[in-house]
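What follows is a single structure, written as structure tokens, with notes after it.
The values are calculated or read from the model by the stated rules, or taken from the named source; none is laboratory data. Fair warning: this is a prediction, and the values are worked out from it, not measured in the lab. Virtual Cβ from ideal backbone geometry, glycine too; neighbours counted across all protein chains shown.
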Amino acid sequence: MKYTGIMKEQLQTLQTDFSSALANIITQEALKELESEYLGKKWKLKAILAGVKDLSIEEKKTIGVAANTMKNEFIEALVNKAREIEDAYFNEIEAKEAIDVTIGYPSDNLGHKHPISHTSELLEDIFISLGFKIEDGPQVEDELHNFDKLNIPHNHPARDVWDTFWISDEVNKDKDIGERLLLRTHTSPVQIRTMMSQELPIKIIVPGRVFRYEQEDARHTCNFYQLEGLVVGEGVTFGDLKWTLDTVMKQLLGEKTELRFRPSIFPFTEPSAEVDVSCQICSGTGKVKWKKCSMCSATGWVELLGSGMVHPTVLEGCWIDSKKYSGFAFGMGIDRIAAQRFWVSSSRMFYQNKLKLNEQF
């Protein structure tokens, strides 16, 4: 019993020494040394327990339980201390790196909007002044909204992989036709969603980013920004379409801007028309400094829009009575318009991070 009392005193002393040492620890390295000293291979508690073999069974139970309880307390204390040191470390970093975001910071270069953003906002302002609302939608679409509801049949070339960025086969392999996902090729799906969800009359524009798998040149990029418009109501005519586009282009590019409507074919409009504007780069001459204008291919005209009267099949597919209601739709490339407005010879330059170009605006 006397030996048992000595061992209890040693355990108590060990606990006091551990607590005292732990209180002075401020680094993770020192904490690891303390852990090794008290709980490592040659831990101090093990040395004290070396004499347990000489105790009776009852004494062994008493000392063993006390030693095991102390070991668990040491482990818990070390874990808590490690967390405390870590919190203190990060609090110190946070205090050193704290930034007051309300404090003004003087800068000679505050930056500016990208030409495409600037052009998009100008277009939005013009259309809003004409009574249009702005709508938005997902950039990852399904076939139903991107093709089917727009009267584009399954064998149409636009569905071919060479024109469309499809989401991976891993995603689409178990989906039925109509449900497969793709990066939207135009913002027309938002028009469909609007016709299927909103009450008539409808008068909207849909600016946004679109994606097409095609060869890049002065007028084409594989991703670009498009603005589409839709008007549906009673008594809407092709004349309303022409007046709207003429008004918008003149406000955007200048009163001298001329528009040319050419018959075309689109699955979702009938009749359909391509709309050209007089080239702003070469002033409609087809030449820039005695060289052929690359923007208009020396024709003096730049194709900026596709347009037409909404096809009755599209209206009926969105549960709109095509005998009572009619509508027109149009789509324009914001990149091309930005190039025309700011006299940039190639739309690709907007995506090439050329500071010499962007710093002009």
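Per-residue answers, yes or no, for (1) in contact with a Gly (Cβ under 6 Å, 6 or more places away or on another chain); (2) over 22 Å from G131 (Cβ atoms); (3) of a type in the set (K, R):
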residue: F211; (1), (2), (3): no, yes, no
residue: L259; (1), (2), (3): no, no, no
residue: D276; (1), (2), (3): no, yes, no
residue: G286; (1), (2), (3): yes, yes, no
residue: C293; (1), (2), (3): yes, yes, no
residue: S297; (1), (2), (3): no, yes, no
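Out of segment 97-118, which residues are of a type outside the set (S, T, Y) and part of a helix (DSSP H, G or I)?
Scanning segment 97-118 gives P115, I116, H118.
Any residue at all in segment 62-79 that's charged (D, E, K, R), assigned by TED's automatic domain parsing to the domain that holds T16 and modelled with pLDDT of 85 or more?
yes
Count, please, the residues in segment 346-356 that happen to be in contact (Cβ under 8 Å) with a residue 60 or more places away in the chain and within 11 Å of H114 (Cα to Cα).
Here the count works out to 2.
Of T185, T164, which residue is out of contact with any Leu (no Cβ under 8 Å at 6 or more places or on another chain) and either closer than 21 Å to P312 by Cβ or in a loop (DSSP other than H, G, I, E, B) (or both)?
Answer to the selection: T185.
Would you check if there is a residue in segment 181-194 being surrounded by fewer than 16 Cβ atoms within 10 Å (Cβ to Cβ), in contact with a Cys (Cβ under 8 Å, 6 or more places away or on another chain) and under 20 Å from L150 (Cβ atoms)?
No: segment 181-194 contains no residue that is surrounded by fewer than 16 Cβ atoms within 10 Å (Cβ to Cβ), in contact with a Cys (Cβ under 8 Å, 6 or more places away or on another chain) and under 20 Å from L150 (Cβ atoms).
For segment 122-136, what are the residues that are closer than 17 Å to V232 by Cβ, in a loop (DSSP other than H, G, I, E, B) and under 21 Å from the mean Cα position of the chain (by Cα)?
E135
So which pairs qualify, if the first residue must be in segment 85-99 and acidic (D, E), the second must be surrounded by 10 or more Cβ atoms within 10 Å (Cβ to Cβ) and modelled with pLDDT of 85 or more, the Cβ gap must be under 8 Å, and the two must be at least 6 apart or on different chains?
So the pair list comes out as E86/Q28.
For the structure I just gave you, tell me whether T257 is in contact with a strand residue (DSSP E or B) (Cβ under 7 Å, 6 or more places away or on another chain), outside any strand (DSSP E or B) and assigned by TED's automatic domain parsing to the domain that holds D335.
Judged against the criteria, T257 is a match.
For the condition aliphatic (A, V, I, L, M), crowded, with 21+ Cβ neighbours inside 10 Å and outside any helix (DSSP H, G or I), what is the one hit in A338, A298, A273?
Exactly one of A338, A298, A273 is aliphatic (A, V, I, L, M), crowded, with 21+ Cβ neighbours inside 10 Å and outside any helix (DSSP H, G or I), namely A273.
Which of the residues spanning segment 341-358 are part of a loop (DSSP other than H, G, I, E, B) and on the phi < 0 side of the Ramachandran plot?
V344, S345, S346, Q352, K354
Those residues that are crowded, with 22+ Cβ neighbours inside 10 Å and over 23 Å from N146 (Cβ atoms), I need them from segment 301-330; list them, please.
Of everything in segment 301-330, just one residue is crowded, with 22+ Cβ neighbours inside 10 Å and over 23 Å from N146 (Cβ atoms), namely V302.
Among the numbered conditions (1) at pLDDT 90 or above; (2) surrounded by 14 or more Cβ atoms within 10 Å (Cβ to Cβ); (3) not polar (S, T, N, Q), tell me where C282 comes up short.
Exception for C282: condition (1).
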